[in-house]
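Just so you know, all these numbers are worked out from the coordinates, no wet-lab data involved. The structure displayed is predicted, hence computed values, not measured ones. Note that each Cβ is placed from the backbone with ideal geometry, even for glycine, and that neighbours are counted across all protein chains shown.
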There are 2 protein chains.
Amino acid sequence: MPDTPTVREAAEAWEALFRCQVGMMRRLQKLAEFKELNMREYDVLFNLGRCPSGSSRLSDLNEHLLISQPSLSRMAERLEAKGLVERRTDPSDQRAVLVSLTDAGRDLQRRIGREHVRHIHELLAPALDSGEMAQLKELTGKISAALD
Amino acid sequence: MPDTPTVREAAEAWEALFRCQVGMMRRLQKLAEFKELNMREYDVLFNLGRCPSGSSRLSDLNEHLLISQPSLSRMAERLEAKGLVERRTDPSDQRAVLVSLTDAGRDLQRRIGREHVRHIHELLAPALDSGEMAQLKELTGKISAALD
DNA sequence: CGCTTTTACATGCAATTGCATAGATTTTCT
DNA sequence: AGAAAATCTATGCAATTGCATGTAAAAGCG
């Protein structure tokens, strides 16, 4: 029967997850697709890409990232300078800035994304079978859900 | 029967794991235990703490971290200046630098570690039961193993 | 409605980071 | 052994980051 976890069990599960993430990241970061855009910047484009409305406030975007608010503010500036995103004041809240992908940004995100996904598959497929992938997705999904 | 995973299944599992990690990190980073030492620095002390020999080459240490080699080199400098680690040339390889925890470093790592583990438990326990923790540990462990 | 508090983003500035490279040692190869 | 290649760390330097703070707009409140 599912027992309530001990501190040790939680710590060991987290450590394993963390190490796994570091190991994956170390390999993924070096790949060619992140030559022109590093993972942090790609992550911004990726998050914008899956915005239902097509645009997002900087502050909302920031919730999904590990970087600080000032850092994101400046990254948005740089991405705009590269022509990958557009920034405009939110008409319904003059304080806020809405960011959205330009066509070039969307293209680049997709191009990098395809390579990225291919490499993820290469790294994970030897380790887990189809059922285990589903388990991992479910377990980590539960944690994310519990954090909100 | 365990099927070989599709690209999509791998991508979804990875995305779920990644999001989970970001969510956890965002919460953990802000906590009081990382006021005097940020997570990256703590991670260095943590890795040194579990070195069987008590010390590690910078380059070996670097394998477990996401930061670059020059960045670790300078972080070691700063940690030494804070009296948390010691650095000495590896007698068996004059190029290498062995880093080890000082007593103060070990104490600080343990003190932070206790709080950290407590908070990890607080975040994870509502999400997963004991058996699920074990599953998560095993799945992520398999991935880490496959990466080597 | 005025006044305080909160929220959202930008900016000054010092600290940290990564890239490219150098310096020193070890390893490999012939 | 001797030359060439690989390995390990350090450093110059520009770019990025975070912290503290500033500015402007919105929300809350008596």
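If you consider only alpha-carbon coordinates, what radius of gyration and Dmax does the protein assembly as shown have, in Å?
Looking at the protein assembly as shown, its Cα Rg and Dmax stand at 20.5, 66 Å.
Let me have the 222 nm mean residue ellipticity of chain A computed from DSSP H runs of 4+ only, each contributing -39500 (n - 2.57), with the sum over all residues rounded to the nearest 500.
-20500 deg cm²/dmol
Which of A:Lys82, A:Lys35, A:Lys137 moves the most in a Gaussian network model of chain A with Cα springs under 10 Å?
Looking only at A:Lys82, A:Lys35, A:Lys137, the biggest GNM fluctuation is shown by A:Lys137.
What is the calculated FRET efficiency for A:Arg110 to B:Glu63, with r their C-beta to C-beta distance and R₀ = 30 Å, to the nearest 0.05?
So, using R0 = 30 Å, E works out to roughly 0.40.
Mind pulling the angle between the C-alpha long axis of helix A:39-49 and the longest principal axis of chain A? Nearest 10 degrees, somewhere in 0 to 90.
Its long axis makes an angle of about 70 degrees.
Can you list residues whose amide H is under 5 Å from B:Val97's amide H, if they're 5+ apart or on another chain and H is modeled 1.01 Å from N?
Those qualifying (amide H under 5 Å, at least 5 residues apart or on another chain) are B:Leu58, B:Ser59, B:Asp90.
Using only Cα atoms, tell me the angle between helix A:130-147 and the longest principal axis of chain A; keep it within 0 to 90° and round to the nearest 10.
Roughly 70 degrees, rounded to the nearest 10.
Roughly how many whole Å is it from the C-alpha centroid of region B:59-127 to that of region A:107-148?
29
Cα to Cα, under 21 Å, and not fewer than 8 places away if on the same chain: which lysines meet these conditions relative to B:Lys137?
Straight-distance partners of B:Lys137: A:Lys137, A:Lys142.
In percent, what relative contact order does chain B have, based on Cα pairs under 8 Å that are 6 or more apart in sequence?
Dividing the mean separation by the residue count of chain B yields 21 percent.
For chain A, with a Gaussian network of springs between Cα atoms less than 10 Å apart, report the residue from A:Asp129, A:Asp90, A:Asp103 with the top mean-square fluctuation.
A:Asp129
Starting at the first residue of region B:105-118, write each ³J(HN,Hα) from the Karplus equation 6.51 cos²θ - 1.76 cosθ + 1.60 with θ = phi - 60°, in whole Hz, x for Gly and Pro.
x, 5, 4, 5, 4, 5, 5, 5, x, 4, 5, 4, 4, 5
B:Thr102's amide H: which non-local residues (gap 5+, or another chain) put their own amide H closer than 5 Å, with H modeled 1.01 Å from N in plane and none for Pro or chain starts?
For B:Thr102, whose amide H was placed from the backbone, the distant partners under 5 Å are B:Val85, B:Glu86.
For A:Arg8, go 7 angstrom from Cα along the Cα-to-Cβ vector, then report the distances to that same point in the other copies in nm, smallest first.
In ascending order, 4.2 nm.
For region B:1-72, state the semi-axes of the equivalent ellipsoid (square roots of 5 times the eigenvalues of the alpha-carbon gyration tensor), sorted largest first and rounded to whole angstrom.
30, 19, 12
With springs only between Cα atoms under 10 Å, which of A:Ala127, A:Ala11, A:Ala76 fluctuates most in a Gaussian network model of chain A?
Top of the fluctuation ranking is A:Ala11.
Please report, in whole Å³, the volume per residue of the convex hull around the C-alpha atoms of chain B.
156
Just tell me which lysines come within less than 23 Å, Cα to Cα, of A:Lys35; anything on the same chain fewer than 8 places away is out.
List returned: A:Lys82.
How far, in degrees from 0 to 90, does helix A:69-81 lean away from the longest principal axis of the Cα atoms of chain A, to the nearest 10?
60
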